[in-house]
1. Given R₀ = 25 Å, FRET efficiency for Asp169-Asp203 by Cβ-Cβ distance, to 0.05?
2. Taking R0 as 41 Å, what's the FRET efficiency between Ala32 and Glu188 from their Cβ-Cβ distance, rounded to 0.05?
3. How tilted is helix 198-208 with respect to the longest principal axis of the chain? Cα atoms for both, answer in degrees (0 to 90, nearest 10).
4. May I have the count of lysine pairs in the stretch 70-160 with C-alpha atoms under 15 Å apart, counting pairs 8 or more residues apart or located on different chains?
5. Taking 7 Å along the Cα-to-C-beta vector as the label spot, tell me the Lys130-Asp50 distance in nanometres, rounded to one decimal.
6. With +1 on each Lys and Arg Cβ and -1 on each Asp and Glu Cβ, how big is the dipole of the stretch 48-188 about its Cα centre, in debye rounded to the nearest 20?
7. Within the stretch 37-69, list the residues whose amide N lies under 13 Å from a label point set 7 Å along Cα→Cβ of Asp196.
8. Let a ≥ b ≥ c be the square roots of the eigenvalues of the Cα gyration tensor of the stretch 106-152; is it rounded (a/c under 1.5), or, if not, prolate (a/b larger than b/c) or oblate?
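What follows is calculated from the coordinates using simple rules that are stated; it is not laboratory data. The model shown is predicted, which means the values in this text are computed figures rather than measured ones. Glycine gets a Cβ as well: all are built from the backbone with ideal geometry, and neighbour counts include every protein chain shown.
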Amino acid sequence: MSIIDQIRDKTAVGDMNTVAELTNQAIADGIAPDDIIQHGLIEAMTIVGDKFKKNEIYVPEMLIAARAMKTALGILKPLMVGQEAKRLAKVVIGTVKGDLHDIGKNLVSIMMEGAGIEVMDLGVDVAPEKFLEAIKAHQPQFLAMSALLTTTMPNLKTTIDVVAEAGVDQNLKVLIGGAPVTQKFADEIGADGYADNAATAVDAIKALL
Ligand code: B1M
């Protein structure tokens, strides 16, 4: 089995130490960091995402795989300075104002990164103005927002309105999610997409591209 296939398989099962060793070995063998990311790490997170969607694995297994992926990315990133990594899209993400829940949002970010999407994570309790500022600064294709409380769900709409009123980018797509959020709610507030978990969030981005 090739070393990239080994990185893929060990990442998918979350064997962080072996993934780090294999990544260092792959670099020493002269394999391009981009190849390791595209064919090792991204494929691993695709496998993990598919299993998560089918309820074959759950949040803990996903977090362990994500930790292995992040370890390898940490080794590879310094080697990629000056290289334009192939990026599927750029996303500004955050949990809306008044809401401190970030476990789901972090999983979504990790799965997006694993799929080759550039993610600017603004954290939690993000005011509409802060989202707007980040959109102006980074010019992403997507604004992704998470809300876990019924009391903060309205801030999804407030943010969409603030961004729309500012008229920054007509092509900007909005993706929302979080336990109380539904497709119906997304349609009502004018979001372009909704996803019910971290793996389908990546699918939604790909579908909207
Ligand atoms: Co809070 N909390 N919490 N909490 N908390 C809930 C959400 C709650 C349902 C618990 C309950 O009462 N049964 C309830 C909300 C009720 C409601 O609004 N209807 C609640 C409450 C009331 C509160 C407080 C108000 C409690 C209090 O202080 N009285 C308070 C609010 C604080 C605030 O935000 N201002 C509070 C605080 C907290 C903690 C800080 C203690 C902690 C958060 C820690 C953290 O996130 N760093 C916490 C936790 C852990 C929970 C529960 C137990 C778990 C949430 C979680 O992380 N789930 C939750 C009850 C529950 O859900 N069982 C609860 C795991 C996570 C992987 O799932 O976030 O749904 P989830 O993300 C999923 C999908 O929703 C989706 O993908 C993820 C992965 O599959 N998804 C997206 C999420 N974002 C997405 C974005 C996308 C697409 C998909 O596109 C952009």
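1. 0.65
2. It comes to 0.35.
3. Once rounded, one gets 70 degrees.
4. Count of close lysine pairs: 6.
5. 3.8 nm
6. Taking the Cα centre of the stretch 48-188 as origin, the dipole is about 400 debye.
7. Once the point is set 7 Å along Cα→Cβ of Asp196, 53-55 turn out to lie under 13 Å by backbone N, inside the stretch 37-69.
8. Judged from the Cα gyration tensor, the stretch 106-152 comes out oblate (a/c at least 1.5, b/c at or above a/b).
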